[in-house]
There are 2 protein chains.
Amino acid sequence: MGRHREFDVDTALDAVTCVFWRKGYEGASYSDLTEATGVERPALYSAFGNKEAMFGKALARYYDRYLDYIPEALALATSRDVAAHILKHAVDLNTRFTEHRGCFLINGMLAGPDTAEPIRQMLIDARADGERQIRERFERAKAEGDLPESADPATLAMFLMTVLHGIAVQAKAGFAREALAAVAAQALLSWPTAPTRTS
Amino acid sequence: MGRHREFDVDTALDAVTCVFWRKGYEGASYSDLTEATGVERPALYSAFGNKEAMFGKALARYYDRYLDYIPEALALATSRDVAAHILKHAVDLNTRFTEHRGCFLINGMLAGPDTAEPIRQMLIDARADGERQIRERFERAKAEGDLPESADPATLAMFLMTVLHGIAVQAKAGFAREALAAVAAQALLSWPTAPTRTS
DNA sequence: ATGTTACTATAACGATCGGTATGTTATTTG
DNA sequence: CAAATAACATACCGATCGTTATAGTAACAT
């Protein structure tokens, strides 16, 4: 009995999920959430609990709606197929929506309020500068014959940065050094070498 | 002329850098900064400008103090040496300090106030669960002979997660899909295969 | 010694944060 | 038609945020 809800909880949760995806947990304010959902604050509390609980529900929604490629991948025939399937769909998902790029899980910690945008740009620029230095070094390596003609210095530099970022995230999550060293070794296994090197 | 500073700006900047490293930009409050430096708020403003400028100086300090292995690496003979040197030192740096694990750049965006710790744990757990599923799948692959005996399912799963996290960070930074797809392809190049597969 | 300068320390500023008390309105139950 | 129930909207709560005004103090120049 009592009055009926005037909004659809599922639709609101979708909007909430998008906001958290774009701005992260800390960066999403209730002003953002009420604006995105069109639902007043107390109604959000009554429907989802506090902010932490709401984030949990958004996380579950993200898994349901966007991470269905994971079980798909796990059912494939070979481990390489599994890895390839996950990577392909992750790249696609992370670049599909211009308004919320990246992964919900990572952005949950990584993103922030719009006022912090200059800071993010500062860090992105610093990162890009490091990548540029490495790329230029690899271009030289290619010119010197250290890297084969088939190698792409830009991709190699980007790949190295990717692994570095991933390692940083996992270090923050508490991974042991030996584990991360094994990851680094794995990353180096694919490193291209010049065909003969005798010239 | 006028009164002298009663604190050492360089020492204070070191403390500031550690706070930003541990808590990120948004997560570091002036209360944290005054406590870590032992310097009152207006003195920090007079010495470093506002919070954004202070973060910029801390970033520069991080480069000077902790990223000296980058120019070292760039001077090495081969591209593989460059990559190996960077990876080795990055792993070491990211796991050296228990009070601020990970990379300053990534943590600058990724970390947050202590009150958000339950959220980070929620995301870390979700991430760990995904990794577990993949690892178990790879263990099966090894049992089935899809992966060679020399392969380590745990390392492979962790490596895959590392690349996924790195891709997520770079997608957030605005990388194009084609670029990230090339990175994913590079990651797959090192995938181990069973020796003969004919059994 | 005196005035000027630049620091220190306290305390306050407005804004925004997550969270709620409160009164109103709509719906169901008796 | 009441009485009860639950969602609605407004407005507010205390706390914390980054920032700064203000008053006191130490070191210089004259």
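Among the conditions (1) in the same structural domain as A:Gln133 (by TED's automatic domain parsing); (2) open to solvent by less than 40 Å² (accessible area, probe 1.4 Å); (3) in contact (Cβ under 8 Å) with a residue 24 or more places away in the chain, the only one that A:Thr162 does not satisfy is (3). Total residues in region A:177-199 satisfying the condition of being closer than 16 Å to B:Leu188 by Cα and either surrounded by fewer than 17 Cβ atoms within 10 Å (Cβ to Cβ) or more than 7 Å from chain B (Cβ to nearest Cβ) (or both): the figure is 5.
Listed by first and then second residue, the pairs linking a residue in region B:8-30 that is touching a residue at least 12 places away in the same chain (Cβ under 8 Å) and open to solvent by 20 Å² or more (accessible area, probe 1.4 Å) to a residue that is among the aromatic types (Phe, Trp, Tyr) and within 15 Å of DNA strand D (Cβ to nearest atom), with Cβ atoms under 6 Å apart and 6 or more places separating them unless they lie on different chains, are B:Tyr25/B:Phe55.
Quickly run through region A:99-128 and pick out the residues that are under 16 Å from B:Ala179 (Cα atoms) and more than 7 Å from chain B (Cβ to nearest Cβ). Correct list: A:Ala128 only. Right, A:Phe104: open to solvent by less than 60 Å² (accessible area, probe 1.4 Å), in the same structural domain as A:Met54 (by TED's automatic domain parsing) and farther than 21 Å from B:Thr162 by Cα or not? No. Scan region B:168-176 and give yes if some residue there is facing chain A (nearest Cβ under 7 Å), closer than 22 Å to A:Asp81 by Cβ, without any contact (Cβ under 8 Å) to a residue 12 or more places away in the chain and buried (at least 19 other Cβ atoms within 10 Å of the Cβ), otherwise no. Checked against the condition, which is being facing chain A (nearest Cβ under 7 Å), closer than 22 Å to A:Asp81 by Cβ, without any contact (Cβ under 8 Å) to a residue 12 or more places away in the chain and buried (at least 19 other Cβ atoms within 10 Å of the Cβ), region B:168-176 yields at least one hit. Among the criteria (1) over 16 Å from B:Lys172 (Cα atoms); (2) at pLDDT 95 or above; (3) touching a Gly at 6+ places or on another chain (Cβ under 6 Å), the one A:Gly166 does not fulfil is (1).
For region B:53-73, a tally of residues being within 10 Å of DNA strand D (Cβ to nearest atom) and surrounded by 14 or more Cβ atoms within 10 Å (Cβ to Cβ) returns 2. Does A:Ala84 fit the bill of being more than 8 Å from every other protein chain (Cβ to nearest Cβ) and aliphatic (A, V, I, L, M)? No; evaluated as a whole, the condition is false for this residue.
The values are calculated or read from the model by the stated rules, or taken from the named source; none is laboratory data. All values reported here derive from a predicted model rather than from experimental measurement. Ideal geometry is used to build each Cβ from the backbone, glycine not excepted, and the neighbour counts take in all protein chains shown. Accessible surface is based on the protein model in full, side chains and every heavy atom, while ligands, DNA and RNA are left aside. Shrake-Rupley method; radii C 1.70, N 1.55, O 1.52, S 1.80 Å.
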